[in-house]
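Student: Below is the structure I would like to discuss, written out as C-alpha coordinates.
The values are calculated or read from the model by the stated rules, or taken from the named source; none is laboratory data. Everything quoted here is computed from the prediction, not taken from an experiment. With ideal geometry, Cβ positions are generated from the backbone for all residues, glycine too; neighbour counts draw on all protein chains shown. Note: areas computed on protein heavy atoms with side chains; ligands, DNA, RNA excluded. Shrake-Rupley method; radii C 1.70, N 1.55, O 1.52, S 1.80 Å.
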Amino acid sequence: QVQLVESGGGLVQAGGSLRLSCAASGRTFTTAMGWFRQAPGKEREFVAHISWSGGTTYYAHSVKGRFTISRDNAKNTVYLQMNSLKPEDTAVYYCAEYYGGTYDYTRAYRYWGQGTQVTVSS
(Lines give C-alpha, C1' and ligand atoms only; values in the text may rest on other atoms or scores of the structure.)
Protein backbone atom coordinates (compact mmCIF):
# COMPACT_ATOMS: atom_id res chain seq x y z
CA GLN A 1 0.00 0.00 0.00
CA VAL A 2 1.22 3.50 -0.76
CA GLN A 3 0.85 6.51 1.53
CA LEU A 4 0.35 9.88 -0.13
CA VAL A 5 1.07 13.19 1.59
CA GLU A 6 0.16 16.52 0.01
CA SER A 7 1.85 19.80 0.88
CA GLY A 8 2.22 23.32 -0.43
CA GLY A 9 -1.25 24.67 0.16
CA GLY A 10 -1.92 28.02 1.74
CA LEU A 11 -3.54 31.42 1.41
CA VAL A 12 -2.84 33.42 -1.75
CA GLN A 13 -4.35 36.45 -3.44
CA ALA A 14 -6.20 36.15 -6.71
CA GLY A 15 -3.73 36.08 -9.59
CA GLY A 16 -1.07 34.44 -7.47
CA SER A 17 0.58 31.05 -7.72
CA LEU A 18 1.13 27.96 -5.59
CA ARG A 19 2.86 24.67 -6.19
CA LEU A 20 1.44 21.59 -4.54
CA SER A 21 3.48 18.47 -3.94
CA CYS A 22 2.35 14.90 -3.37
CA ALA A 23 4.97 12.61 -1.91
CA ALA A 24 4.53 8.86 -1.89
CA SER A 25 5.97 6.45 0.63
CA GLY A 26 5.64 2.74 1.18
CA ARG A 27 6.60 1.87 -2.36
CA THR A 28 7.62 3.56 -5.58
CA PHE A 29 5.18 4.96 -8.10
CA THR A 30 3.85 2.31 -10.44
CA THR A 31 1.00 4.03 -12.23
CA ALA A 32 -0.66 7.26 -13.28
CA MET A 33 -1.62 9.87 -10.70
CA GLY A 34 -4.30 12.48 -10.37
CA TRP A 35 -5.23 15.65 -8.52
CA PHE A 36 -8.76 16.36 -7.34
CA ARG A 37 -10.28 19.12 -5.24
CA GLN A 38 -13.27 19.57 -3.00
CA ALA A 39 -14.82 22.88 -2.03
CA PRO A 40 -17.14 23.20 0.99
CA GLY A 41 -20.56 21.78 0.23
CA LYS A 42 -19.49 20.43 -3.15
CA GLU A 43 -18.50 17.07 -4.52
CA ARG A 44 -14.89 16.16 -5.11
CA GLU A 45 -13.96 17.09 -8.67
CA PHE A 46 -11.21 16.17 -11.09
CA VAL A 47 -8.39 18.64 -11.65
CA ALA A 48 -5.56 16.90 -13.51
CA HIS A 49 -4.12 13.50 -14.43
CA ILE A 50 -0.66 12.41 -15.48
CA SER A 51 0.54 9.12 -16.92
CA TRP A 52 3.34 7.14 -15.26
CA SER A 53 5.89 8.42 -17.77
CA GLY A 54 4.58 11.97 -17.57
CA GLY A 55 4.08 12.02 -21.32
CA THR A 56 0.30 12.26 -21.18
CA THR A 57 -1.67 14.77 -19.16
CA TYR A 58 -5.33 15.73 -18.89
CA TYR A 59 -6.92 18.75 -17.25
CA ALA A 60 -10.33 19.90 -16.18
CA HIS A 61 -11.63 22.64 -18.44
CA SER A 62 -11.73 25.06 -15.52
CA VAL A 63 -7.97 24.85 -14.91
CA LYS A 64 -6.57 24.20 -18.38
CA GLY A 65 -3.94 26.76 -19.29
CA ARG A 66 -3.46 27.80 -15.65
CA PHE A 67 -2.45 24.57 -13.90
CA THR A 68 0.34 22.16 -14.81
CA ILE A 69 0.74 18.64 -13.47
CA SER A 70 4.16 17.02 -13.47
CA ARG A 71 6.02 14.24 -11.72
CA ASP A 72 9.47 13.13 -10.67
CA ASN A 73 9.45 9.37 -10.34
CA ALA A 74 12.97 9.33 -8.90
CA LYS A 75 11.62 11.40 -5.99
CA ASN A 76 8.25 9.62 -5.85
CA THR A 77 6.58 13.01 -6.08
CA VAL A 78 3.81 14.52 -8.18
CA TYR A 79 3.36 18.28 -8.50
CA LEU A 80 0.58 20.67 -9.36
CA GLN A 81 1.72 24.13 -10.39
CA MET A 82 -1.19 26.53 -10.08
CA ASN A 83 -0.96 29.96 -11.70
CA SER A 84 -3.45 32.78 -12.14
CA LEU A 85 -5.41 31.51 -9.18
CA LYS A 86 -9.03 32.55 -8.77
CA PRO A 87 -11.27 32.59 -5.68
CA GLU A 88 -13.23 29.69 -7.20
CA ASP A 89 -10.08 27.56 -6.98
CA THR A 90 -10.45 27.58 -3.19
CA ALA A 91 -10.73 23.96 -2.03
CA VAL A 92 -8.96 21.09 -0.37
CA TYR A 93 -6.69 19.52 -2.96
CA TYR A 94 -6.06 15.77 -2.99
CA CYS A 95 -3.67 13.59 -4.90
CA ALA A 96 -4.54 10.01 -5.68
CA GLU A 97 -3.10 6.92 -7.29
CA TYR A 98 -4.84 5.83 -10.48
CA TYR A 99 -6.28 2.32 -10.47
CA GLY A 100 -8.19 2.06 -13.74
CA GLY A 101 -11.16 3.34 -15.70
CA THR A 102 -12.16 6.84 -16.66
CA TYR A 103 -9.43 9.15 -15.39
CA ASP A 104 -11.70 11.97 -14.26
CA TYR A 105 -13.84 9.79 -11.98
CA THR A 106 -12.93 9.46 -8.29
CA ARG A 107 -13.63 5.73 -8.43
CA ALA A 108 -10.73 5.32 -10.86
CA TYR A 109 -8.33 6.03 -7.99
CA ARG A 110 -7.62 3.74 -5.05
CA TYR A 111 -5.27 5.58 -2.67
CA TRP A 112 -5.76 9.16 -1.55
CA GLY A 113 -3.80 11.65 0.48
CA GLN A 114 -5.26 13.64 3.36
CA GLY A 115 -5.48 16.83 1.32
CA THR A 116 -4.02 20.31 1.53
CA GLN A 117 -6.08 23.49 1.81
CA VAL A 118 -5.80 26.15 -0.88
CA THR A 119 -7.53 29.46 -0.21
CA VAL A 120 -7.60 32.23 -2.82
CA SER A 121 -8.69 35.65 -1.63
CA SER A 122 -10.26 38.21 -3.96
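Student: If you keep only loop residues by DSSP, which chymotrypsin sites (Phe, Trp or Tyr not before Pro) in the stretch 1-64 have at most 15 other Cβ atoms within 10 Å of their Cβ?
Tutor: 52
Student: With θ set to phi - 60° and the Karplus curve 6.51 cos²θ - 1.76 cosθ + 1.60, what are the ³J(HN,Hα) couplings of the stretch 17-22 in order, to the nearest whole Hz, using x for Gly and Pro?
Tutor: 10, 9, 10, 8, 10, 9
Student: When the Cα atoms of the stretch 41-122 are enclosed in a convex hull and the volume is divided per residue, what value in Å³ results?
Tutor: Working: hull volume 9.0 nm³, N = 82.
Normalising the Cα hull of the stretch 41-122 by residue number yields 110 Å³.
Student: Can you send over the carbon and sulfur percentage of the accessible area for the stretch 18-122, probe radius 1.4 Å, protein chains only?
Tutor: Solvent-exposed carbon and sulfur of the stretch 18-122 make up 47 percent of the total.
Student: Expressed in nm², what is the orientationally averaged projection area of the convex hull enclosing the Cα positions of the stretch 1-79?
Tutor: Hull-based average projected area comes out at 6.0 nm².
Student: Another one. Among DSSP bridges having both ends in the chain, what percentage is antiparallel? Round to the nearest 5. Before the final figure, lay out the partial values.
Tutor: Numbers: 37 of 42 bridges.
Bridges in the chain are about 90 percent antiparallel.
Student: Continuing with this model, one more query. Each residue of the stretch 69-75 in order: what ³J(HN,Hα) in whole Hz does its phi give by Karplus 6.51 cos²θ - 1.76 cosθ + 1.60, θ = phi - 60°, with x for Gly and Pro?
Tutor: So the J values, rounded to whole Hz, are 9, 8, 8, 10, 5, 5, 9.
Student: Report, in debye and to the nearest 20, how large the dipole of the chain comes out about its Cα centre when Lys and Arg carry +1 and Asp and Glu carry -1 on their Cβ. List each step's numbers first, then the result.
Tutor: On the way: 12 positive and 8 negative charges, 21 e Å.
Rounded to the nearest 20 debye, it is 100 debye.
Student: In addition: Provide the per residue accessible area, probe 1.4 Å, for the chain, rounded to a whole number of square angstrom.
Tutor: So the chain comes to 51 Å² accessible per residue, rounded to a whole number.
Student: Counting only residues 5 or more places away or on other chains, whose amide H sits under 5 Å from the amide H of residue 111 once H atoms are built in the peptide plane?
Tutor: It is 97, by chain and number.
Student: Please state the relative contact order of the chain as a whole percent: Cα pairs under 8 Å, 6+ residues apart?
Tutor: 35 percent.
Student: I would also like to ask the following. Between 80, 20, 11, where does the largest GNM mean-square fluctuation fall for the chain, given springs only between Cα atoms within less than 10 Å?
Tutor: The residue with the greatest mean-square fluctuation here is 11.
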